[in-house]
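Enquirer: Starting off with a structure, shown below.
The values are calculated or read from the model by the stated rules, or taken from the named source; none is laboratory data. Since this is a predicted model, take the numbers as computed values, not measurements. Quick reminder, even Gly has a Cβ in these numbers, built from the backbone with ideal geometry, and neighbours come from all protein chains shown. The area values use the complete protein model at the heavy-atom level, side chains included, leaving out ligands, DNA and RNA. Shrake-Rupley method; radii C 1.70, N 1.55, O 1.52, S 1.80 Å.
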Amino acid sequence: MSSADIANQAETASKSAAAIDRARSQGRSALIGYLPAGYPSVEETIAAGIALAENGADLIEIGIPYSDPVMDGQVIQAATTEALAKGFHVSQVFDVVAGITSRTDAAVLVMTYWNPVVRMGVDEFSRRLAEAGGAGLITPDLIPDEAAEWMAASDKYGLDRVFLVAPSSTPERMQRTVDASRGFVYAVSIMGVTGARTSVSTAAKDVVSAAHGAGAERVCVGLGVSTADQVREIAAYAEGVIVGTALVAALRDGGVDAVGALTKDLATGLARESGLTQGTGA
């Protein structure tokens, strides 16, 4: 089997691609919700993930708490700091993933800085993620040029590899990232740390357009999305909309029920055409 055949076979099996394509077949963009693992506890992360899926999220990102989160805004930093203070261990992320995938149809990815994966061992981490039913990894600080070990492990275990592109990405970098990604490409809408904002950067549309131009079939936009109106704005041109900070704040302030309520509200912005019935995505 050629490398192209293997890539095509893996794409066919991509849980993230399947979830996004399912949403697209319903005339809408996919909703992707982020939760930090172990906040406020492992059990509550699982319950919040299930609430996400039951109220309209198609994919779920579970973030591994990290002691030096260079990309995270204040709300997520506070949540991950609390999870670490309560003794969260990296291996518990597999419990979170398994807890959600066993109860929902959502594609569940892990978002992590690369160091925790290297510490456990790339192959070992990938094997355990696949066994937990995980869809793949989102790796904000890993670029394709330095990802040979991850590329091999993700092919071995049938995992999606989601790399990030940004307004600063050169055409060459964009092409290499799109070529290396499987499942979807993560487009950063605003340069800087994450956090709910009042308006979505116009740069988002340009990044998505550039990724599409480089051959990406599925581009999802994250960083700064917090309302149904912003979801609607991005759903007009992207295959998926990623929400993080607003969901973490909802979990902090109102628990699992608030996560479900916000997810249901955000999902009202997903339809690309008026008059379509909103699917649950669960």
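Enquirer: Considering Ile100, Ile76, Ile143, which residue is touching a strand residue (DSSP E or B) at 6+ places or on another chain (Cβ under 8 Å), among the hydrophobic types (A, V, I, L, M, F, W, C) and at pLDDT 95 or above? It would help to see each step written out before you state the result.
Expert: Working: Ile76 fails: at pLDDT 95 or above; Ile143 fails: touching a strand residue (DSSP E or B) at 6+ places or on another chain (Cβ under 8 Å).
Step by step, each of Ile100, Ile76, Ile143 is checked, and only Ile100 is touching a strand residue (DSSP E or B) at 6+ places or on another chain (Cβ under 8 Å), among the hydrophobic types (A, V, I, L, M, F, W, C) and at pLDDT 95 or above.
Enquirer: Name the pairs whose Cβ atoms lie under 6 Å apart, with the first residue in the range 150-178 and under 23 Å from Ser14 (Cα atoms), the second of a type in the set (Asp, Glu), and 6 or more positions between them or separate chains?
Expert: Ala153/Asp123
Enquirer: How many residues does the range 19-50 hold that are among the aliphatic types (A, V, I, L, M), farther than 21 Å from Arg218 by Cβ and open to solvent by less than 10 Å² (accessible area, probe 1.4 Å)?
Expert: So in the range 19-50, the residues among the aliphatic types (A, V, I, L, M) come out as 19-20, 23, 30-32, 35, 37, 42, 46-48, 50.
Narrowing the set further to residues that are farther than 21 Å from Arg218 by Cβ leaves 35, 37, 42, 46-48, 50.
Those still in the list that are open to solvent by less than 10 Å² (accessible area, probe 1.4 Å) too: 35, 37, 48.
Number satisfying all stated conditions: 3.
Enquirer: Next question. Filter the range 219-264 down to the residues that are over 13 Å from Ala51 (Cα atoms), part of a helix (DSSP H, G or I) and of a type in the set (Asp, Glu) and list them by number.
Expert: Asp229, Glu233, Asp253
Enquirer: Return a yes/no flag: does the range 142-161 have any residue that is assigned to a loop (DSSP other than H, G, I, E, B) and at positive phi.
Expert: Of the residues in the range 142-161, the ones assigned to a loop (DSSP other than H, G, I, E, B) are 142-143, 147, 158-159.
Filter again for at positive phi, leaving 158.
Within the range 142-161 (the criterion being assigned to a loop (DSSP other than H, G, I, E, B) and at positive phi), the answer is yes, since at least one residue qualifies.
Enquirer: Residues being over 19 Å from Ala147 (Cα atoms), of a type outside the set (A, V, I, L, M) and assigned to a helix (DSSP H, G or I): count how many of those fall in the range 91-119.
Expert: Within the range 91-119, the subset over 19 Å from Ala147 (Cα atoms) is 91-108.
From the residues that got through so far, the ones that are of a type outside the set (A, V, I, L, M) too are 91-92, 94-95, 99, 101-105.
Restricting the remaining residues to those that are assigned to a helix (DSSP H, G or I) gives 92, 94-95, 99, 101.
Looking only at that region, the number is 5.
Enquirer: Let me ask something else about it. If I go through the range 120-141 residue by residue, how many of them are of a type outside the set (D, E, K, R) and part of a loop (DSSP other than H, G, I, E, B)?
Expert: Our first condition is that a residue be of a type outside the set (D, E, K, R); within the range 120-141, this holds for 120-122, 125-126, 129-130, 132-140.
Going one step further and asking which of them are part of a loop (DSSP other than H, G, I, E, B), we end up with 121, 132-135, 139-140.
Counting residues in the range 120-141 that are of a type outside the set (D, E, K, R) and part of a loop (DSSP other than H, G, I, E, B) gives 7.
Enquirer: Okay, moving on. What's the number of the only condition in (1) open to solvent by 20 Å² or more (accessible area, probe 1.4 Å); (2) within 21 Å of Val108 (Cα to Cα); (3) at pLDDT 95 or above that Ala267 fails to meet?
Expert: Every condition holds for Ala267 apart from (1).
Enquirer: A further question follows. Pairs please, first residue from the range 251-267 and free of Cβ contacts under 8 Å to residues at least 12 places away in the same chain, second anywhere and among the aliphatic types (A, V, I, L, M), Cβ atoms under 7 Å, 6+ apart in sequence or on different chains.
Expert: Qualifying pairs under 7 Å: Ala258/Ala250; Ala258/Leu251.
Enquirer: Take the residues in the range 105-115 that are more than 11 Å from the chain's Cα centre (by Cα) and farther than 17 Å from Leu164 by Cβ, then tell me which one is least open to solvent (accessible area, probe 1.4 Å).
Expert: So the first thing to find is which residues in the range 105-115 are more than 11 Å from the chain's Cα centre (by Cα), and the list is 105-106, 113-115.
Imposing the further condition that a residue be farther than 17 Å from Leu164 by Cβ reduces the set to 105-106.
Working: Asp105: 107, Ala106: 8 Å².
Restricting to residues being more than 11 Å from the chain's Cα centre (by Cα) and farther than 17 Å from Leu164 by Cβ, the top hit is Ala106.
Enquirer: Return the residues of the range 57-71 that are at pLDDT 95 or above and either of a type in the set (A, V, I, L, M, F, W, C) or surrounded by fewer than 24 Cβ atoms within 10 Å (Cβ to Cβ) (or both); say none if nothing qualifies.
Expert: Ala57, Leu59, Ile60, Ile62, Ile64, listed by residue number.
Enquirer: What are the pairs, 6+ residues apart or on separate chains, where a residue within the range 116-140 that is within 17 Å of Tyr34 (Cβ to Cβ) and in contact (Cβ under 8 Å) with a residue 40 or more places away in the chain has its Cβ under 7 Å from a residue that is of a type in the set (Gly, Ala, Ser) and open to solvent by less than 20 Å² (accessible area, probe 1.4 Å)?
Expert: What qualifies is Ala135/Ser16; Ala135/Ala107; Ala135/Gly183; Gly136/Ser16; Gly136/Ser154; Gly136/Gly183.
Enquirer: Being farther than 29 Å from Pro40 by Cβ and of a type in the set (A, V, I, L, M, F, W, C) is the filter here, so list the residues in the range 235-270 that pass it. Walk me through how you get there before you give the answer.
Expert: Let us first name the residues in the range 235-270 that are farther than 29 Å from Pro40 by Cβ, namely 235-239.
The answer is Ala235, Ala236, Ala238.
Enquirer: If you don't mind, there's one more thing I want to ask. Residues to consider are Ala83, Ala78; find the one that is assigned to a helix (DSSP H, G or I) and either surrounded by fewer than 17 Cβ atoms within 10 Å (Cβ to Cβ) or not hydrophobic (A, V, I, L, M, F, W, C) (or both).
Expert: On the way: Ala83 fails: either surrounded by fewer than 17 Cβ atoms within 10 Å (Cβ to Cβ) or not hydrophobic (A, V, I, L, M, F, W, C) (or both).
Step by step, each of Ala83, Ala78 is checked, and only Ala78 is assigned to a helix (DSSP H, G or I) and either surrounded by fewer than 17 Cβ atoms within 10 Å (Cβ to Cβ) or not hydrophobic (A, V, I, L, M, F, W, C) (or both).
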